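Please read the structure below before turning to the comments.
Just so it is clear, none of the values below were taken in a lab; they were calculated from the coordinates. Just so you know, these numbers come straight off a predicted model, no measurement behind them. Neighbour counts run over all protein chains shown; Cβ positions are idealised from the backbone, glycine included.
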Amino acid sequence: MRIVKTGFVDYSDEDLMLAIQQGEKLAFNELYTRYSDKLYGYILKMLWYNEVRAQDLLQDLFAKIITQPGLFDTERTFKTWVYTIASNLCKNEFKRNEVRKGTVNGVEQFYSLSSDSNVEKEVHERQFRDALTEALMKLDTKHRQVFVLKHMDGLSIKEIAEITEANEGTVKSRLFYAIKKLADTLHMFEYA
């Protein structure tokens with residue numbers, strides 16, 4: 001079946017991949033628009049906020065989609081498939097370069113104070129975000145990964161299990177550990 005050239009906004013992710021396989025470059029643009037920011041955020045968090053490497057891996061991921069669209073596993077949803085690729089790229093980055101845990105680079109730029117809101121509340125929220133970011137970076141990769149996928153990217157346990165190639169019980173266990181560890185580390189924000 002040949003997909004007719006039209007706007008791709010109403011296409012499902014899977015139909016966009018079919019269109020890309022058939023040479024429709026505009027379908028790629030729509031897929032990029034839908035997923036580039038989400039995947040960049042995920043990769044950035046996994047790579048300890050190394051913006052340069054996160055951008056590089058994001059470009060590698062989308063280059064793979066545009067140059068080898070036939071790799072798409074039609075047995076999976078696009079979302080879990082693409083997050084699996086992103087996850088594997090991060091794992092390879094860890095192995096290849098032994099990415100070191102470092103300081104948060106440039107996180108402050110995302111959290112500027114606005115003049116017309118409660119400054120005390122915003123300062124407290126900024127302190128919490130900074131402390132959460134630091135605590136996340138101290139978690140090992142498998143625990144940070146499930147926490148980010150679940151609580152920052154909004155994926156289901158089933159989707160996370162597919163992405164991490166772990167069973168749902170293992171994902172739940174890792175998530176429980178990550179939450180417990182973060183709660184212990186961030187206890188000073190509990191009553192604030």
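Give the value in nm², to one decimal: projected area of the alpha carbon convex hull of the range 13-97, averaged over all directions.
Details: hull surface 20.8 nm².
Averaged projected area of the range 13-97's Cα convex hull equals 5.2 nm².
Quick one: which of 65-77, 20-32 comes out on top by average Cβ neighbours within 10 Å, and what's the full order, highest first?
Details: 65-77: 13.1, 20-32: 16.8.
Packing proxy ranking, top to bottom: 20-32, 65-77.
Report note on the peptides 166-172, 48-54: ranked by the mean count of other C-beta atoms within 10 Å, highest first, their order is 48-54, 166-172.
Which of 151, 143, 187 comes first, and how do the rest follow, when ranked by fewest Cβ neighbours within 10 Å? Before the final figure, lay out the partial values.
Details: 151 13, 143 21, 187 9.
Ranked by crowding around the Cβ, least crowded first: 187, 151, 143.
Calculated on C-alpha atoms, the gyration radius of the range 149-192 divided by its Kirkwood radius gives an Rg/Rh of 1.09.
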